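Heads up, the thing below is written out as structure tokens.
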Amino acid sequence: MSKYTCACGYVMNLSQGWSGYELTLIPESTIEGLGDRLDSEDKLSSDQLYETLDEKAITVYRCPKCRRLHLEEEPNKFTTYIVE
Ligand SMILES: [Zn+2]
């Protein structure tokens, strides 16, 4: 996906490397598990880090104009949250 248009009309261009719109939602338990592995004898490679994160991560697009959050909970299926 190279562009994502928010309900407010703002177009987020996602094709130019990592944009400030793209965030990742990760369970605290996953982060804690990774932290434990960094401290253990079982060294964590960067590939293992990204694999572990990818298994649990939810991609989030945050609109810079209206601050809506668009969560991609399934591939190309978004749930949108709006600021009250
Ligand atoms: Zn917006």
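Among what's in segment 40-63 and is loosely packed, with under 12 Cβ neighbours inside 10 Å and part of a loop (DSSP other than H, G, I, E, B), pick the residue that is nearest to the ligand (Cβ to nearest atom). Applying the filter and picking the extreme gives S45.
Looking only at segment 64-77, filter to residues that are in contact (Cβ under 8 Å) with a residue 12 or more places away in the chain and assigned to a strand (DSSP E or B); which one of those is most open to solvent (accessible area, probe 1.4 Å)?
Within segment 64-77, the first condition is being in contact (Cβ under 8 Å) with a residue 12 or more places away in the chain, and the residues that meet it are 64-73, 76.
This time we only want the ones that are assigned to a strand (DSSP E or B), so: 69-73.
Values: L69: 61, H70: 4, L71: 18, E72: 42, E73: 97 Å².
Taking the candidates together, the pick is E73.
Scanning segment 62-84 for residues that are in contact with a His (Cβ under 6 Å, 6 or more places away or on another chain) and among the hydrophobic types (A, V, I, L, M, F, W, C) gives a single hit, F78. Considered as a group, the residues in segment 2-30 that are open to solvent by 80 Å² or more (accessible area, probe 1.4 Å) and away from the ligand (no atom under 16 Å from the Cβ) include one that is farthest from C63 (Cα to Cα), and that residue is S29.
The values are calculated or read from the model by the stated rules, or taken from the named source; none is laboratory data. Every value quoted in this text rests on a predicted model; they were computed, and no experiment measured them. Cβ coordinates were reconstructed from backbone atoms using ideal geometry, including for glycine residues, and neighbour counts include every protein chain displayed. Just the protein is used for accessible areas: all its heavy atoms, side chains included, with ligands, DNA and RNA removed. Shrake-Rupley method; radii C 1.70, N 1.55, O 1.52, S 1.80 Å.
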